[in-house]
Every structure is written in structure tokens, then in C-alpha cells.
Amino acid sequence: MIDTEEGKSGPRRNLGEPMDESEARLTLRVLRRYHDDNPISYPVMITRIHGTVSKYLEGKDPLYPFDRSEIRPDISRSSLHRAVRDQTIPDNAAMKAIHLWIMSIDSCRMDFEREKYREYLISKEPQVLSVRRLFGHRADIQAVKISQWVGNYALYRPFHLEPKSKAQVNFLKIGADESDFNCTLSSVFPAPLNPEVKLIGRGKLTPLGNDEAVALMAMNQKFLADRPDEETQVGNYTLHLNSPERSTGIDGFRGILVASMGPTPSAWPIFAVRLPDGKEIEPHILDRDEYRALLPMVRKQLDRGGIYWDESDSPKSLSKGYAKPKEP
């Protein structure tokens, strides 16, 4: 429960629902930092709070969606002092008045939003933060910016069963209702004993900076065979994403996909192209016309070769190089 206190001006005012406690305490932390950096007197702060709230009550400055009946522009000096120095949450009306004022100051609003996002990542996305640390990214976690990556993509890569003559397009989705960091990769292809193999990898995408990200995905029976209680692991994907093509956001990116399924892992060059908002594609093997219609930058990326799934496809170029006669 929020511990409120009353000012000397009268009894506790419980107007409307109290603010969310975590947001109230975050507001007070921002307030204290602002006061430490800008040592203005409490009377001046009270005047500014009064001015901000008065505009809001008059309907001239709709800063925040509080019901106007829940706020009053007056706050006592003692309540404000305890809020700043002791971080004591005042009564509902005064707390909302302080919040309105804090959010009207650009630097404080950005401070509030940064810390709120930080708390969200710590509580809801611990895996993302752990992966960032494992990859050596220990900078401020505000750098964990996912929004530019969110979207649906057509992901092109060589077809692992016929890597020298065919390519496939997979459906990559970054972002979901549960979390913008969630991602899935779907593929469909023919195999010798199955005319339609369907693979689905699901996991998390972790931004490592403005131009890099890594996605770690698991493949198990829960996803592949639609068995909700079957968690048997059958493989995993690791996608290293970099060199994005940009306009207002990320329109596409290059990278490498490492696939581990069965006894022989493989790795492939990939190029993902953003699809129009909401559009999805059916994964499939590209025919000749589809491949030739790809952008040159996509074909160039796919021509980089790979770590082949079938050893017989491997070019063995290193062994051939060492087998050449020694130059005199």
C-alpha cells in the first residue's frame, strides 16, 4: 500500500484512485534529482506546481490523463519537503499535482521515461539484459532499443539441403503482444522422407547497439507439433544481425544464421527485408524467377557461402589450398 500523509492545511484528501505506487515513487526520485540539480526554494516550487496544475484544471494544458476532479493545485511546504527529502508519498491530490509538474519539464519527463523503461527491462526482460552482458555490452541499458527492429520480415537464405542451387525464404517476426523482444522464425521445405517439413523457432531478440542485434531461438515439439505440454528440445537458431538498411527505420539487414538441429550444425548468410505493416508470407523454396527478382544486395549476401549441413556439399577449399605444390 502507498503510505500517504496529510499536510498542515487540513485532513488527508483522497480524491480518486491513488497513482500506481511504483510510478509515484519514481516521480519522487526524479523530483529529488531535479531539486538536487536545480536548488530552487520550496515556495518557488510550490508556485510552479500551482501554475502547472491551474492550467491543467482550466483545460489549457492537458499534460496527463488525470481526471480534473482528482487534483488540486495547492500543496503545503511541509508535504513538498517530505516528498523531496524523505521520499514520502503525499496525499493523492498532491502526488498527482507533483507528477503533472514533473512531466511538464522536458528533462524530468525524459528522466522519468528512461527510468520507467529501465525498471521494465529489469523486471520483464532479464534474459535480454543477460545476453547483452554476455556479449560484452555493459553500457546504460537505455541503449536496449527494440522499436526499430520490430516488424515482419522475409528472410532469405540458402536452402540447406541444396545449398549450391536453391534458396529459401523464411518468415521472421520480431515483436508480439506479450513483448517487443519476442521473435519467431518459420520455414517450410521438402525433405527426402517428408514433402513438407515445418520448423518454427521462438525466442528473444537482443539489440547490441544501433546496428547490431542477436536473436536466440529454441525449436521444440511444443512449437513444431503443436503439443502445448511437450518441451522436448530438438534444435536452436542463433541469428547475428548487422548492417541494417534504413529509411525512417530498419528496412532490412544482413547477418548470419547458425542452425543446430541434429548432429551437424550449419551456418548460413541471411538477408531480411521488411514486409509492409501486418503482412505475412508463406515460407517456401524460391523458384528461378523469384530468385532472379531479388535485389542485387540480397543475392550478393546469399552468395557468400556457408557452413554446410551435408558434408558432401562442402567446398573443401582450405584442404585444396594446402594441397597445392609449394611455390619455389
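The values are calculated or read from the model by the stated rules, or taken from the named source; none is laboratory data. Note that the structure is predicted; figures quoted are calculated from it, not measured. Glycine gets a Cβ as well: all are built from the backbone with ideal geometry, and neighbour counts include every protein chain shown. For accessibility, only protein heavy atoms count, side chains too; no ligands or nucleic acids. Shrake-Rupley method; radii C 1.70, N 1.55, O 1.52, S 1.80 Å.
Per-structure values
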{"item": "Above-threshold pairs, the threshold being 31 Å between Cα atoms, out of 116/173; 96/145; 198/300; 198/320; 173/316", "result": "198/320; 173/316"}
{"item": "Accessible-area composition of the chain, carbon plus sulfur, in percent [1.4 Å probe]", "result": "51"}
{"item": "Heavy-atom surface of the chain, accessible at 1.4 Å and reported per residue (Å²)", "result": "56"}
{"item": "Residue-level accessible surface for residue 113, protein heavy atoms, 1.4 Å, Å²", "result": "100"}
{"item": "Cα-projected label distance for residue 327 with residue 122, points at 7 Å along beta-carbon direction, nm", "result": "5.9"}
{"item": "For segment 263-269, Karplus couplings with θ = phi - 60° (6.51, -1.76, 1.60), whole Hz, Gly/Pro x", "result": "x, 10, x, 9, 9, 9, x"}
{"item": "Gain upon complete extension [residue 40, residue 21; 0.36 nm per residue less C-alpha separation]", "result": "4.2 nm"}
{"item": "Relative packing of 174-185, 193-204, which averages over residues the other C-beta atoms within 10 Å, highest first", "result": "174-185, 193-204"}
{"item": "Per residue Cα convex hull volume in Å³ - calculated over segment 70-200", "result": "185"}
{"item": "Global form of segment 154-201, assessed from the alpha-carbon gyration tensor, a/c cut-off 1.5", "result": "oblate"}
{"item": "Amide hydrogen neighbours beyond the local backbone of residue 271, cut-off 5 Å, H modeled", "result": "156"}
{"item": "Tensor-based shape of the chain (alpha-carbon gyration tensor, a/c under 1.5 rounded, otherwise prolate or oblate)", "result": "prolate"}
{"item": "Whole-Å distance, taken between Cα centres, linking segment 71-92 and segment 293-321", "result": "67"}
